[in-house]
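The values are calculated or read from the model by the stated rules, or taken from the named source; none is laboratory data. It should be emphasised that the depicted structure is a prediction, and the values quoted were computed from it without experimental measurement. With ideal geometry, Cβ positions are generated from the backbone for all residues, glycine too; neighbour counts draw on all protein chains shown. The accessibility values were calculated without ligands, DNA or RNA, using every heavy atom of the protein model including side chains. Shrake-Rupley method; radii C 1.70, N 1.55, O 1.52, S 1.80 Å.
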Amino acid sequence: MSQQSLNAPGGEEPEQTGPETTTGGQTFASAQGAGDILDEIDEVLESNAETFVRSFVQKGGE
Amino acid sequence: MKRRVGGLETEFGLVCVRADGSRALEPEAAARELFRPVVAMGRSSNVFLRNAARLYLDVGSHPEYATAECDDWWELVAQDLAGERVLGDLVTQANERLAAEGQDARIHLLKNNVDSAGNAFGSHENYLVDRRGEFTRLPRFLLPFLVTRQIVTGAGGVVRDDDTGGGDAGRFVFSRRSDHMWEAVSSATTRTRPIINTRDEPHGDPSRFRRLHVIVGDSTMSEVSTHLRFATTDLVLRLIESGRTLPDLALADDIAAIRTVARDLTGMAPLPLEAGGTTTALEVQQRWLDLAATVAEGPAELAALQDWQRALDAVRTGDRSWAATHLDWAIKERLLGQVAGRRGITLGDPAIERLDLAYHDIDETQSVFRALQRRGLAPREVTAERIEHARTVAPATTRAHLRGAVVTAAQEHGVDHVVDWTTMRLGRPGAMPVQVMDPFATESAEVDALLAQIREAGEPAAPPPA
């Protein structure tokens, strides 16, 4: 995900979301919004996920 | 306490990678790059901002932002988000500098609590409590609440339990933080991390105040989750402080229980009680919620009770329709499950861990949480205007107001100054410090005199930096 952008077209305005389509745990409130974001996530997860995760090692804090 | 001061300290994870995901800069170098504008302005990587918050580099090169004192939990959420935006801007500027230098390097700042090797960093809540009050009996009542609170305010995540099933396939938990907790109450933070830290730094008059330092929480992206952490804990503290008879839900083993609760998405796993018998996470939370309803006042607290009940109902019934767009753990449960299903992978796959990190990325262009928020799939309770305001204006109803006024005046007039939570002075040698030991103070003749000195010593006010 390092160089891609998750910016939604149209900036900050939330998309119109429909009413709840399900009460189960498997479907987003907005099927369209969910489809969009899953497509974007697919794109950004295609490459380098494992390498990125391995790169994130830092001394502990607190 | 009827009115309570609280604050939130957030440590951020830092990674700087090339386009192929490999490490471009070590964390120390990335932190230096990130803090370049801070050091240029404050001559230090440890500064107080105009909003009276503290911004600094902590152990392990973790950027840390500590909100100023708040006595309203939505204000606290706004102040916390303001810190996210301040650091987000530093990330953007650093990445622009790196790109301008032609470096294949991008900094990511992650508002989460663990790196890929299992090193932990914190999200520490502070609550002002009365020194004379109930500190000795406080943990006995507070711990069962804190152990089970994760079913409401956990950030969610995936663990790999080789012994108890899951293994490489991974299993979803309310909070990964439970695996980094080693004792109930102690003064440690880095070695044997406790749920309640007893380091006695009141940042106020020690004869009147004590600071309760709760370090069991996850960093939360959802504004509703962050608000509930403070609103519910405040109500529970008020009940304990009231001195009334309370249910004794002391657990036989807090640490065993916290790990059980994290892994039990039904909220019904038996938790052995110290006095014998068992309880469940849902029962502990519901009992505190019902008691809290007897002391809650005002629209914000009543709304918080409603959210708290919705959260418990989501666990009890399995109906996630509200939770999956409001609470971090439920948003993430749904998102990770959908992505894993779509890609035909398990929750233990590195792609899911990458997605979890992206959820907590604070760069607006990289953050999966912000992308969900733009689509109405995560809550937005605090307006962009309020967050922007909180970047430069301190909470008006606590001591933060005085500190913010001093930092703002000193910056506008270009005057060296030294500030911490209780003390403020001019930077020149021999300058007399002004101490404000009451966290509720919003007026002080001494601070007014210091402000006058700053105006005299400094240049005419320059417009604030853009």
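Highest mean packing comes first when the peptides B:40-46, B:4-10 are listed by Cβ atoms within 10 Å, giving B:4-10, B:40-46.
Both the radius of gyration and Dmax for the stretch B:311-466 are 23.5, 68 Å, in that order, over alpha-carbon atoms. Distance between the C-alpha centres of the stretch B:10-76 and the stretch B:89-141: 8 Å, rounded to the whole angstrom. Scoring B:140-151, B:307-318 by mean Cβ neighbours within 10 Å over their residues and listing the highest first yields B:140-151, B:307-318.
Take each residue in B:113-120, count the other chain C-beta atoms within 10 Å of its C-beta, and the mean is 5. Take the Cα of B:A252, go 7 Å toward its beta carbon, and the backbone nitrogen atoms of the stretch B:270-310 under 16 Å from that spot belong to B:270-281.
Its residue count N fixes a reference of 2.2 N^0.38 Å for the stretch B:239-309, and the Cα radius of gyration divided by that reference is 1.24.
Among the residues of B:9-16, the average count of other protein chain beta-carbon atoms within 10 Å of the residue beta-carbon is 3. Evaluated over the Cα positions of chain B, the convex hull gives a direction-averaged projected area, one quarter of its surface, of 22.9 nm². Between chain B and chain A, the total buried accessible area stands at approximately 5000 Å², from heavy atoms with a 1.4 Å probe.
If the only charges are +1 at each Lys and Arg Cβ and -1 at each Asp and Glu Cβ, what is the size of the charge dipole of the protein assembly as shown around the Cα centre, to the nearest 20 debye?
The calculated dipole for the protein assembly as shown is roughly 940 debye.
The simple Förster model, with R0 at 56 Å and r as the Cβ-Cβ distance, assigns A:E50 and B:Q306 a FRET efficiency of 0.85. Of all lysines in the structure, the ones whose alpha carbon falls short of 18 Å from that of A:K59, not counting any fewer than 8 places away in one chain, are B:K111. Oblate is the label for the protein assembly as shown. Its Cα gyration tensor axes, ordered a ≥ b ≥ c, give a/c of at least 1.5 and b/c at or above a/b. If you sort the three axes of the alpha carbon gyration tensor as a ≥ b ≥ c, you get a/c of 1.5 or more for the stretch B:95-194 and a/b no higher than b/c, which makes it oblate. Distance between the pseudo-spin-label points of B:R85 and B:D130 (7 Å out from Cα toward the beta carbon): 3.8 nm.
Other protein chain C-beta atoms within 10 Å of residue C-beta, averaged over B:374-385: 4.
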